[in-house]
Amino acid sequence: MTKTIAVTGAAGQIGYALLFRLAAGAVYGDEPVRLRLLEIPPALPALEGVVMELDDCAFNTLAAVDITDDPRTAFDGADAALLVGARPRAKGMERADLLEANGAIFSAQGKALGEVAGSDIRVVVTGNPANTNALIASTHAPDIPAARFTALTRLDHNRALAQLAARAQVPVSTIEHLAIWGNHSASQYPDATRATAGGRRVLDIIDDEAWVREHFIPTVAQRGAAIIAARGASSAASAANATIEHLRDWVHGTSGQWVSMAVPSNGEYGVPEGLISSFPCTVAGGEHRIVEGLEIDTFSQARIDASVAELAEEREATRALGLL
Ligand code: NAX
């Protein structure tokens, strides 16, 4: 059966790296996909050009492409919604201004999702501030279970995997039990304490405690800024890749492997209920589950608490603006 994937901000740079892979079957394999692309009116002409290129790929798996500036049209009957488009922080913009601008976008999109999305909808928010944008959208779609709203920390997870694999000189594919906790921001906590490669503890292989605190954690947390400095533009292909992996694993499952996803807290690990925070998760039967019962050391708990405090502040600021 044809799967409908809605993508917002489709004419942007992540959109350009995302759409061709979605059309080629990166999430649903051989099942045909219909892409519903949402943009603001000034970006629709550019989006038409992207659609011409999609046509010119003649993908066997691409059943249809529709473009629109109306969220209700974009989300109608959607199986998945990738919310990539967001208002970037402009010069001189305060955090409250940013939250307000994005709050307007994500409350309208949440409402539209609640009204018209398919009954099995899965929402992945990539647009920043991703965790809080997901919370705003979820709040405005009370008829969709909160667990169907998630935010992207898979890019942070993949960045951490790459750093660990390079330092331990092991293939990326052998590393398990890595986790990103908290907010998709510089306060996030990339946690390698339980990571293993081929059954061995990665930190034992690396055998350099200072490296974790002085190199690994800041490199992962600041990677987005390093890419902007080098490329003159923010991460796009890697963000698109992570968005696809997040949705693909949510649909198909992780066979017991941990992945990092920002999902609504039920109070796990001291994260206040309702905050959309990153946790180690597994997916089975189309449902994500937070990995429970882990013993968290003092250093890790302090780092988790600090990132979660930032999320709680964003929630308060959003409430103060009347967006929740
Ligand atoms: P671009 O500025 O290239 O594209 C964003 C697109 O969104 C634009 O075409 C714009 O017209 C559109 N847009 C704005 N408001 C919209 C609305 N109300 N409805 C539909 N479309 C709308 O940004 P890009 O580099 O593609 O990044 C998109 C978002 O991803 C940004 O918020 C960015 O901060 C965020 N990122 C998140 C990452 C993550 O790991 N969670 C990593 C990469 C990226 O920084």
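The values are calculated or read from the model by the stated rules, or taken from the named source; none is laboratory data. Since the structure is predicted, the reported quantities are computational estimates derived from the model, not experimental observations. Reconstructed Cβ throughout: ideal geometry from the backbone, glycine too, with neighbour counts over all protein chains shown. Remember, those area values only see protein heavy atoms, side chains included, never the ligands or the DNA or RNA. Shrake-Rupley method; radii C 1.70, N 1.55, O 1.52, S 1.80 Å.
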* Structure fact -> Here, Arg213 and Ala230, labelled 7 Å along Cα→Cβ, have an inter-label distance in nm of 2.7
* List the relative contact order of the chain as a percent without decimals, with contacts defined as Cα pairs under 8 Å and 6+ residues apart. => 17
* With r defined as the distance between the Cβ atoms of Asp143 and Glu313 and R0 fixed at 25 Å, what FRET efficiency is calculated, to the nearest 0.05? -> 0.30
* Structure fact -> Projected onto the charge dipole of region 36-144 (unit charges on the beta-carbon of Lys, Arg, Asp and Glu, signs +1, +1, -1, -1), the Cα from Leu82, Val51, His140 with the largest positive-side position is that of His140
* Structure fact -> Sorting Phe216, Phe20 on solvent-accessible surface, 1.4 Å probe, most exposed first, gives Phe20, Phe216
* Starting with the highest mean, order 235-247, 51-63 by the number of other Cβ atoms within 10 Å, averaged over the residues of each peptide. => 235-247, 51-63
* Asked: Once you put a point 7 Å from the Cα of Met1 and another 7 Å from the Cα of Leu321, both along the Cβ direction, what distance in nm separates them?
  -> 3.7
* To do: Treating only the Cβ atoms of Lys and Arg (+1) and Asp and Glu (-1) as charged, compute the dipole magnitude of region 1-150 about its Cα centre; round to the nearest 20 debye.
  => 500
* Structure fact -> A student applying the Cα gyration tensor rule (rounded when a/c is under 1.5; otherwise prolate if a/b is larger than b/c, oblate if not) would label region 268-324 oblate
* Determine how large the accessible area of Arg223 is when every protein chain is in place; take a 1.4 Å probe and give Å² rounded to the nearest 10. => 90
* Other-chain or far-sequence residues with amide H under 5 Å of Thr153's (modelled H) -> Ala262
* Burial ranking of peptide ranges 271-281, 93-103 (average Cβ count within 10 Å, highest at the top) -> 271-281, 93-103
* **Mean ellipticity per residue at 222 nm, deg cm²/dmol - from DSSP H runs of n ≥ 4 across the chain, formula -39500 (n - 2.57)** => -13000 deg cm²/dmol
* Report ³J(HN,Hα) in whole Hz for each residue of region 38-52, in order, from the Karplus equation J = 6.51 cos²θ - 1.76 cosθ + 1.60 where θ = phi - 60°; Gly and Pro get x. => 10, 9, 7, x, x, 9, 5, x, 4, 5, 4, x, 5, 5, 4
* Working out 0.36 nm times the residue gap between Val172 and Ile40, then minus their Cα-Cα distance, what length gain in nm do you get to one decimal? -> 43.7 nm
* Degrees between helix 13-23 axis and first principal axis of the chain (Cα, 0 to 90, nearest 10) -> 80
* Where nothing but the Cβ of Lys and Arg (+1) and of Asp and Glu (-1) is charged, how large is the charge dipole of the chain around its Cα centre, in debye to the nearest 20? -> 360
* Structure fact -> For the chain, longest principal axis from Cα atoms; helix 298-320 axis from its Cα atoms; angle between them, nearest 10 degrees, is 30
* In the full protein assembly as shown, how much of Glu31 is accessible to a 1.4 Å probe, in Å² to the nearest 10? -> 60
* If each of Gln222 and Phe299 carries a label point 7 Å out from its Cα toward its Cβ, how far apart are those two points in nm? -> 1.8
* Asked: Hey, what's the chain come to in accessible area per residue, 1.4 Å probe, Å²?
  -> 43
* To do: Would you rank Ser255, Ser307, Ser185 by solvent-accessible area, highest first, keeping every protein chain in place and using a 1.4 Å probe?
  => Ser255, Ser185, Ser307
* Asked: Against the longest alpha carbon principal axis of the chain, how many degrees, from 0 to 90 and to the nearest 10, is the axis of helix 154-168 turned?
  -> 40
* region 212-219 - phi-based ³J(HN,Hα) in whole Hz, Karplus 6.51/-1.76/1.60, Gly and Pro as x -> 4, 6, 8, 10, 4, 4, x, 5
